[in-house]
2 protein chains.
Amino acid sequence: MADSLNERSQNILEAIVEDYISSAEPVGSRAISRKHNFNLSPASVRNVMADLEEMGLLCSPHTSAGRIPTGKGFQYYIDTLLEVRDLNRNEKQNLRNSYRFQNMRMEDIMQEVGRVLSGLSQYTGLVMAPKFISTIFRQIEFVRLSQGRLLVIYVSETGLVQNKVIEADPTITTHDLEKISNYLNSELNGLTIHEVRAKLNQELQNDRVLYDKLKKQALSLSCAALQDEIEDQLYVSGASLMLGQPEFSTPEQMKRLIQTFESKKILIDLLDQGQSAQGVQIFIGSESSHVDLEGCSLITSNFSNQKGAIGSLGVIGPVRMNYSQVVPIVDFTAQLVSRVLDREIEEK
Amino acid sequence: MADSLNERSQNILEAIVEDYISSAEPVGSRAISRKHNFNLSPASVRNVMADLEEMGLLCSPHTSAGRIPTGKGFQYYIDTLLEVRDLNRNEKQNLRNSYRFQNMRMEDIMQEVGRVLSGLSQYTGLVMAPKFISTIFRQIEFVRLSQGRLLVIYVSETGLVQNKVIEADPTITTHDLEKISNYLNSELNGLTIHEVRAKLNQELQNDRVLYDKLKKQALSLSCAALQDEIEDQLYVSGASLMLGQPEFSTPEQMKRLIQTFESKKILIDLLDQGQSAQGVQIFIGSESSHVDLEGCSLITSNFSNQKGAIGSLGVIGPVRMNYSQVVPIVDFTAQLVSRVLDREIEEK
DNA sequence: TATTAGCACTCGTCTCTATTGAGTGCTAAC
DNA sequence: GTTAGCACTCAATAGAGACGAGTGCTAATA
């Protein structure tokens, strides 16, 4: 239905959205008729604006103010009017140079990406590391802590290191542990955690295994080590940049925003939702979707390596965000990170 | 000089500080003379207040407001008037129960401590993990990533896992790596990183070593792995709680505070300064000390295990903080964490 | 001599009012 | 269909006046 806008209405909507993006203030008919040369008087523009308001694409804070796009208006702008140009060769190179990935740990890469995204966009950068469950087994090591407590160190194909403390038979010797890790490293190499779990369960059900004490220990240890879900890692950079935006200028809004960022849960859920999609996604926060993200927009894209580990990155800013500038940055960064992850893996 | 206050002046100063702590508003002479039964008229109280103002312990925002303690006034209160009672048995037990340290990784413990400190105090919790340099070598492992790039995993005595990517001779085999890590694990076990570095440097200068290719590789790898300083880990919890405090109620103050928390550097420096001291320390932020921490007070204590790894924890809140409540919490938590760290180490 | 009652004074806060100006909707003319 | 004109709305701003909490000073009191 909204697609039935005629060209003039589209042009005016576009002008209003873009003026609003750069000024953060309600846009009046006079400003539109003057700055953009549509050769239309303010009165004509007003007529169109009234129509757009009727359709729910614009609203006015009060009678004597100009108009601002509604969430629906922004949605229409993004779906229909926004033209995302690709970065040119130069811009790509600049972006590439912004990131320094040499000899960085996975965590550092994630953090660096967040920082750069935030710095370039001047909004808040988000990066969610690939989930533990989607990683591929590379190596496992055991370190004895106190009596009966073991530190398990797990390394994924991409060099992501996770560790965990588990309880274990206190009589187990260091030598046994070494044998166990050697066994597991050769058996499980190259499998996803998903596959690893399936294999472990299968073998545990296999009765014959029980006669081999060492193997039994190996299985129960690795079960303990790999069974739990490890909570998602979300890196938030440049939260304070959001506080400079006029839409979050009151103390209450600031407080709510910082709380939302601090709890991370809402952001993780949102990024999770987008994990199945391809390419750049835009989420516009409104009262209807998530009350804590009212007034925020999220531009995200997933990155992944060839082995299927999927993470997400993006930028969160006010709904009044400069989409045409940020979308290509997010897009290209996701491609860049995907390539970097693949490079982490040894070419065999 | 400030110690030359007579008893009445001390009582009045104490009353003012405590009233101000609970109300966050300037305290007037009438309120003091009524609520506390000094048997003094407001006029007499006013005389004393004028003296205290002269000495720089109080100030008034404007002529017709009450008075508030200056930084110096708070300092005097803390040094001379504040009585910190020990927690009783019950309170200690409650505090102990607030923390759940079972089978937690070092990182989780640090994070949990920050969360609980923040929750109990209703201010912002800070925890700085023991520095890499102060940890004791336990184990090192190498994982091959791509050509010529190695992931080094280092585990300290307390189960702290650090990892790092280094460049290495691409021709080195997995088998060699295993021998190298075995060699290093037996040679370096129980040394501090400091001692490890000294030992490595010494051996590298020893010419004879150069004939043993494997040993040479082991030394150069471990040098690369352990030489850099690893940046301090600071956990900040409950930053948004500070935004509820009236002293940070304006957008500018909020923004500055969040920026300060986000950069972490200033906080780390401050905690570093206190690392040599014993017991609870209180830092009062004023324009003179650190402009970004104006209006903030920091209550910290160090924790350490018997092997000398030192970390810091504490609470940051407004200068108008409830010291008598928070100081014992910080103190006891530091003791608790110290004991937990020791328990992490295998009893041999 | 220390204390206190009394009083004039200060100054931030709140409320009410008037003014301004940007922007609208409607109507009539083009 | 477009536009000029005009009355209208309403947020923002500024100023005036009342209010009140609190002070400093002085003179009286114990």
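The values are calculated or read from the model by the stated rules, or taken from the named source; none is laboratory data. Worth saying up front: this structure is predicted, and the values here are computed from it rather than measured. Neighbour counts are summed over all protein chains in view; Cβ atoms, including those assigned to glycine, are modelled from backbone coordinates with ideal geometry. With ligands, DNA and RNA removed, areas are computed over all heavy atoms of the protein, side chains included. Shrake-Rupley method; radii C 1.70, N 1.55, O 1.52, S 1.80 Å.
Here are a few things to note about the model shown:
- Those chymotrypsin sites (Phe, Trp or Tyr not before Pro) in region B:1-76 that DSSP places in a loop and that have at most 16 other beta carbons within 10 Å: B:PHE38
- Taking both sides together, the accessible area buried where B meets A is about 3700 Å² for a 1.4 Å probe.
- Formal net charge of residues neighbouring B:SER33 (Cβ-Cβ distance under 13 Å; K, R +1; D, E -1): +4
- Within the accessible area of chain B (1.4 Å probe), percent carbon and sulfur: 46 percent
- Whole-percent P(r), the protein assembly as shown, all Cα pairs, 10 Å bins from 0: 3, 12, 19, 21, 18, 14, 9, 4, 1, 0.
- For region A:50-91, applying the loop criterion from DSSP together with a ceiling of 11 other beta carbons within 10 Å to the GluC sites (Glu not before Pro) yields A:GLU83.
- What separates the A:ASP79 label point from its copies, with the point 7 Å along Cα to Cβ, is 6.8 nm, written shortest first.
- Number of partner chain Cβ atoms within 10 Å, mean per residue of A:243-251: 3
- Label spacing, shortest first and in nm, from B:ASN37 to its equivalents in the remaining copies (7 angstrom along Cα→Cβ): 8.6
- Every Cα-Cα pair of chain A was included, and the share exceeding 30 Å stands at 50 percent.
- Solvent-accessible surface ranking, highest first, for B:CYS296, B:CYS223 at 1.4 angstrom: B:CYS223, B:CYS296
- Net charge, B:ARG256 excluded, C-beta distance under 15 Å - Lys, Arg +1, Asp, Glu -1: -2
- A straight line joining the Cα centroids of region B:127-194 and region A:22-79 runs 62 Å.
- Folded to 0 to 90 degrees: helix A:7-23 orientation relative to chain A principal axis, Cα: 70 degrees
- Around A:GLU14: net Lys/Arg minus Asp/Glu count, Cβ-Cβ under 13 Å: -3
- Annotation note: trypsin sites (Lys or Arg not before Pro) in region A:42-100 located in DSSP loop regions with a Cβ neighbour count of at most 12 within 10 Å are A:ARG85, A:ARG100.
- Folded to 0 to 90 degrees: helix A:42-54 orientation relative to chain A principal axis, Cα: 40 degrees
- The protein assembly as shown, accessible area per residue, ligands and nucleic acids excluded (1.4 Å, Å²): 46 Å²
- Using alpha-carbon coordinates, inclination of helix B:251-263 to the longest axis of chain B, degrees: 30 degrees
- Threshold 20 Å² - residues in region A:92-108 whose accessible area is reduced by that much or more when the chain is no longer isolated, probe 1.4 Å: A:ASN103, A:ARG105
- FRET efficiency estimate (nearest 0.05) - Cβ-Cβ, A:THR171 to A:ILE133, R0 25 angstrom: 0.20
- Members of A:LYS92/B:LYS179; A:LYS307/B:LYS164; A:LYS131/B:LYS307; A:LYS164/B:LYS131; A:LYS131/A:LYS216; B:LYS179/B:LYS307 lying beyond 32 Å, as alpha-carbon distances in this model show: A:LYS92/B:LYS179; A:LYS131/B:LYS307
- Its Cα gyration tensor gives region B:181-304 an equivalent ellipsoid. The semi-axes, each the square root of 5 times an eigenvalue, are 46, 15, 12 Å from largest down.
- Probe 1.4 Å, all protein chains present, accessible-area order of B:PHE283, B:PHE261, largest first: B:PHE283, B:PHE261
- Mean separation of Cα contacts under 8 Å (6+ apart) over length of chain A, as relative contact order %: 18 percent
- Nearest-first distances (nm) between copies at A:LYS199, label 7 Å from Cα via Cβ: 3.6
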